[in-house]
Amino acid sequence: MKVALIRNVQESRNLSMSLYADRLHNALSAHCDIMNVRFESNSIYRLTGLAGLRIQGYIGRFWSFPRQLQHLQAEVFHIVDHANAHLLRALDPARTAVTCHDLMLIKLAAGEIPWHGRRPWTASRIFHWSVNHLPHAGAVLCTSETTRRDIIRLVGCAPERLHVAYHGLDEMFRRIFDVDAIAQARTRFGITWPITVLHVGSNRFYKNLEGIIEALALLGAGWGEKVHLVKVGRDFTSAQRDLIRRRGMSERAHFLGQLSPEDLVLLYNVSDILLYPSLYEGFGWPPLEAMACGTPVVSSDRGSLKEVVGDAAIIVNPEDPEAIAEGVERVLTDIGLRQMLITRGIEQAKKFKWATTAEKVIKVYHEIAATH
């Protein structure tokens, strides 16, 4: 079977979508003939001085890319990013699957996700228009049961066309028992403090970094100077940096940049807690990665996180910094609880395999091909 895996335009900087496409391609390669489809936007408007501007991405997604897809030949097409569901107009929709990761912008516009900033009305309208094409797809692959229910409720897809296929977890995420390797990693990352609370991800509002900063500033007597926050991924925003200063945490908040997967494995292994009290998540890889490395997780249950972490994490109210701080202190003070979280986390992480994801996706491909 020949499958066209339709990725984002070349200029897209959405790292999670790129990782999903890469991992899915690797998992599916043993089962079918996968053709990666990712076009670089036309050079015409690049020469006009628009390169690097947001408009370039819009032109690529909504004008150039659809026209380049019109003559694409394959038995099955798979759009890996639901924000590009409008590409169904350029393909045979009955032979096309779309992966829907989340409907965050729709839920945000509806007031279902707490946020006190300016609403991204333009982005929300464009997103809504695109995902409204989902009901025309031959199948929609949902990365969680939560997303499946949201699609039924907010977009109106027929339930029989929706299939849950969780993300997998890379096998490289594992516990490291080599004492020397752990000591070298601590030195490499400059960790000289007793306790490391880690956050992995972007700096956008739904990651709730403000809640994390407030919570760590509220830790009880005796913990303050011992507990340091380490951030990986996107740097703190200027507003978050200002909050760090105001809460007296300037010496206890560190940014390490975007790490390689190999370095990230090491960092999980030298961290004491992954703190992940997101206001919303479509899936959430970091909790699983941390669990596989034997790092206890304090998380919220917003979005799909409860499906991901199961009973292997401390669940807190992400809108209550005191509750977040209490969750952190419980892990630090209760040795039995900590060991239980480590044991349960390792078992929970084992449930998410790319081979399982590939089996479910291939089954959907065959259903589409057989029907059409």
Lysines within cross-link reach of Lys351: Cα-Cα under 17 Å, excluding same-chain residues under 8 positions apart?
Lys306, Lys360
Taking Lys2 as the anchor, which aspartates and glutamates have their alpha carbon closer than 15 Å to its alpha carbon, excluding any fewer than eight residues away along the same chain?
Asp33, Glu75, Asp92, Glu367
Centroid-to-centroid separation of region 173-225 and region 298-365 [C-alpha atoms, Å]
17 Å
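Can you tell me the order of 131-140, 353-362 when each peptide is scored by its average per-residue count of other Cβ atoms within 10 angstrom, highest first? The partial results should precede the final answer.
On the way: 131-140: 21.2, 353-362: 17.4.
Most protected by this proxy first, the peptides run 131-140, 353-362.
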Taking the Cβ-Cβ separation of Glu112 and Trp63 as r and a Förster radius of 35 Å, what is the calculated FRET efficiency to the nearest 0.05?
0.65
Kindly report the accessible area of the chain per residue (heavy atoms of protein chains, probe 1.4 Å, no ligands, DNA or RNA), in Å².
45 Å²
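Determine, from the Cβ-Cβ distance of Asn132 and Thr192 and an R0 of 56 Å, the FRET efficiency 1/(1 + (r/R0)^6), rounded to the nearest 0.05.
Working: r = 52 Å, r/R0 = 0.94.
The value I calculate is 0.60.
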Spelling out what I want: for every residue of region 215-222, take phi, set θ = phi - 60°, compute 6.51 cos²θ - 1.76 cosθ + 1.60 (Karplus), and round to whole Hz; glycine and proline get x.
5, 5, 6, 8, 3, x, 4, x
Work out, step by step, the length gained on full extension between Arg241 and Glu225: first 0.36 nm times the residue separation, then minus their alpha carbon distance; give nm to one decimal.
3.9 nm
Once Leu15 and Glu319 are pulled to full extension, the length gained, defined as 0.36 nm per residue separation minus their Cα-Cα distance, is 106.8 nm
For Asp301, which sequence-distant residues (separation of 5 or more, or a different chain) have an amide H within less than 5 Å of its own amide H, given hydrogens modelled in the peptide plane?
Val316
Considering only protein heavy atoms, what is the solvent-accessible area of Glu75 at a probe of 1.4 Å, reported in Å² to the nearest 10?
90 Å²
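With the full set of protein chains in place, find how many percent of the accessible area of the chain is carbon and sulfur; take the probe as 1.4 Å.
Details: 8410 of 16620 Å².
Carbon plus sulfur share of accessible area: 51 percent.
Restricting to DSSP H runs of at least four residues, report the calculated mean residue ellipticity at 222 nm for the chain, -39500 (n - 2.57) per run over all residues, nearest 500 deg cm²/dmol. If you can, show how the numbers build up before the last one.
Values: 15 runs with 149 residues, N = 372.
One gets -11500 deg cm²/dmol as the mean residue ellipticity at 222 nm.
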At 1.4 Å probe size, put Glu322, Glu329, Glu367 in order of accessible surface, largest to smallest.
Glu322, Glu367, Glu329
Under a point spin-label approximation (7 Å from Cα along Cα-to-Cβ), what is the Asp92-Ile152 distance to one decimal in nm?
3.0 nm
Computed lengthening from Val179 to Gln339, 0.36 nm per intervening residue step minus Cα-Cα distance
55.7 nm
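The values are calculated or read from the model by the stated rules, or taken from the named source; none is laboratory data. Since the model is a prediction, treat every value here as computed from it, not as a measurement. Counting neighbours? That spans all protein chains shown, and the Cβs are built from the backbone with ideal geometry, glycine included. These accessible areas exclude ligands, DNA and RNA; they are computed on the full protein's heavy atoms, side chains included. Shrake-Rupley method; radii C 1.70, N 1.55, O 1.52, S 1.80 Å.
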